[in-house]
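Peer 1: First the structure, which I've put down as structure tokens, then a few questions once you've had a look.
The values are calculated or read from the model by the stated rules, or taken from the named source; none is laboratory data. Keep in mind that what you see is a predicted model, and the values were worked out from it rather than measured. Here the Cβ positions follow ideal geometry from the backbone for every residue, glycine too, while neighbour counts run over all protein chains shown. We work out accessible area using only protein heavy atoms, side chains counted, and drop any ligands, DNA or RNA first. Shrake-Rupley method; radii C 1.70, N 1.55, O 1.52, S 1.80 Å.
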Amino acid sequence: MWQTRSLGFVFAVAGAIASAGTQADEIRLGIAQYKQNRYESAVEHFKKAAEADPGNEKVHLYLATAFAQQYIPGLESSENAKLGADAISEYHKVLELNSG
């Protein structure tokens with residue numbers, strides 16, 4: 001019986017470590033893409049990192065910034081409006097996480 005519980009604990013810890021590694025990898029990849037002005041790709045990596053750890057303030061800040069870099073002031077299109085709204089939404093998440 002104790003072996004089953006111990007094995008379950010080991011799998012839970014291993015899963016948490018794998019998730020943390022994946023999140024760190026996604027952040028690194030996102031930053032690399034951002035530095036190369038590949039903002040759409042950076043967004044995808046930062047989204048994956050945010051899914052792995054929704055409470056990570058830094059990831060939401062990176063995501064907000066990547067959305068904001070794609071927004072073009074004065075351009076009236078639904079895609080551009082969505083980029084602006086997504087950036088604002090992520091900045092709000094940063095503020096919520098920071099205040100808590």
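Peer 1: Restricted to segment 57-100, and to residues that are out of contact with any helix residue (DSSP H, G or I) (no Cβ under 7 Å at 6 or more places or on another chain) and outside any helix (DSSP H, G or I), which residue is nearest to GLN23 (Cα to Cα)?
Peer 2: Taking segment 57-100 first, the residues out of contact with any helix residue (DSSP H, G or I) (no Cβ under 7 Å at 6 or more places or on another chain) are 58, 65, 73-82, 84-85, 88-89, 92, 95-96, 99-100.
Next cut, outside any helix (DSSP H, G or I) only: 73-77, 100.
Values: PRO73: 32, GLY74: 35, LEU75: 34, GLU76: 34, SER77: 32, GLY100: 22 Å.
Here the residue is GLY100.
Peer 1: For LYS48, which of the numbered conditions (1) open to solvent by 80 Å² or more (accessible area, probe 1.4 Å); (2) over 11 Å from the mean Cα position of the chain (by Cα); (3) modelled with pLDDT of 95 or more fails to hold?
Peer 2: (2)
Peer 1: Looking at segment 45-56 only, could you name the residues that are in a loop (DSSP other than H, G, I, E, B) and either in contact with a Ser or Thr (Cβ under 9 Å, 6 or more places away or on another chain) or among the hydroxyl-bearing types (Ser, Thr, Tyr) (or both)?
Peer 2: Of the residues in segment 45-56, the ones in a loop (DSSP other than H, G, I, E, B) are 53-56.
Listed by number, the list holds a single entry, ASP53.
Peer 1: Could we say that ALA87 is farther than 21 Å from ASN37 by Cα and open to solvent by less than 50 Å² (accessible area, probe 1.4 Å) here? So that I can check it myself, show each step before the final result.
Peer 2: Numbers: farther than 21 Å from ASN37 by Cα: no; open to solvent by less than 50 Å² (accessible area, probe 1.4 Å): yes.
No; evaluated as a whole, the condition is false for this residue.
Peer 1: Scan segment 56-82 and report the pairs whose first residue is within 11 Å of VAL43 (Cα to Cα) and whose second residue is of a type in the set (D, E, K, R) and in a helix (DSSP H, G or I), with Cβ atoms within less than 6 Å and a gap of 6+ or a chain change.
Peer 2: So the pair list comes out as HIS60/GLU90; HIS60/LYS93; LEU63/GLU90; ALA64/GLU90; PHE67/ASP86.
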